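Please treat every number below as a calculation from the coordinates, not as lab data. Everything numeric in this text was worked out from a predicted model, so none of it was measured. With ideal geometry, Cβ positions are generated from the backbone for all residues, glycine too; neighbour counts draw on all protein chains shown.
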Amino acid sequence: MTVPFLLLVAAILLCAPPALPIRRHTPDPCDRTILPPPRTLRSDQMTVLINGYSESRIPLLTSIAAAYSALPSVAAVLVLWGNPSTPAETLTQLSRNLSGGEAPVSVIRQKSASLNSRFLPRRSIRTRAVLICDDDVEIDSRSVEFAFRVWSANRDRLVGFFARSHDVDLSRRAWIYTVRPDKYSILLTKFMIAKTDYLYEYSCGGGGGDRMGEARGVVDEMRNCEDILMNFVAAEGAGAGPVLVGSERARDWGDARNEQGGKEVREAGLSSRREDHRKRRGECIREFHRILGKMALRYSYGKVVNSVGEQGLCEKGGKLVFCDQQVSN
Ligand SMILES: *[C@@H]1O[C@H](CO)[C@@H](O)[C@H](O)[C@H]1NC(C)=O
């Protein structure tokens, strides 16, 4: 930084009334007066926030956004574009391609590349719930509607389809990130329904000495873990863990199992990458625990399914199959 520049900054700080000009150009996302009053938010629908980054995935993103926009439980879809190098022209075109659905779809270029931006409170969110998802995960519409009904009965908790867990490594006496078959405490942002308030808690909540600010700093530093931090926020707010819902058809295009070709080589490469990913996420959990001063994550058990359907086994052609398959075939 040059000396004249510093002098200029000093001059501005000394002479200008600081609040006014700053606020006019970049409104503070934490200023509650620019957000809709909480009592005006509607409860019968949600706002979908899709994270977009990769230009090569635009065709898939287009179909996912259109599918959400056609759902009765969706009031609006916001595509949050995080890739700063995408030309404005592409986003204009995308926005044009996405118009004409049931619920309005808008494309918003993120002001910063920070992963924290996906959780910023926004004036355009007019619903009590937000559905936060990635641009490469497709869920069948009945399952989405069902998840929203489950959320409506559990408004303080996160609801979603993809779960992970924190755990204790007894030998190291440290928190780790893992998958447990019997319980879970973390829902992934591949698909997550949360109350809109949590966006504010995440982005603007302080805690003594701006602990949330420090925790968001970890997300920026690690370029990962914003989903884990949201789970800390929600578990603290709800005093309970998340709710895992069973889906009928969930397709995760980002899942390695969807990739083609070179199986062995790929798996060798993947397992070390996965291991590294797991370690980094464990580090995040330890950091959030240290900064926030407590382990807020709570375990949940079981999965909520959308049918009571008693699933018996029936014999068909000498094989045991689910009885309802026998009826429908
Ligand atoms: C918009 O739609 C047109 C016509 O289907 C397609 O050629 C183009 O690639 C799309 N562009 C974007 C950015 O979605």
- Item | Estimated inter-spin distance, D169 and V321, nm [label 7 Å along Cα→Cβ] | 4.7
- Item | the range 121-260, relative contact order [Cα under 8 Å, separation at least 6], % | 36
- Could you pull out every one of the lysines with an alpha carbon less than 22 Å from that of K183, ignoring same-chain neighbours closer than 8 positions? K279, K294, K303
- Would you mind ranking I125, I285, I108 by Cβ crowding within 10 Å, fewest neighbours first? I108, I125, I285
- Item | Residue order, fewest to most surrounding Cβ atoms within 10 angstrom, among H166, H289, H277 | H277, H289, H166
- Listing D182, D167 from the residue with the fewest other Cβ atoms within 10 Å to the one with the most, what is the order? D182, D167
- Query: Got the relative contact order for the range 29-307 handy, in percent, Cα pairs under 8 Å and 6 or more residues apart?
  - Reply: 21
- Item | Gain in span if fully extended, A66 to A113, counting 0.36 nm per residue against the direct Cα distance | 14.4 nm
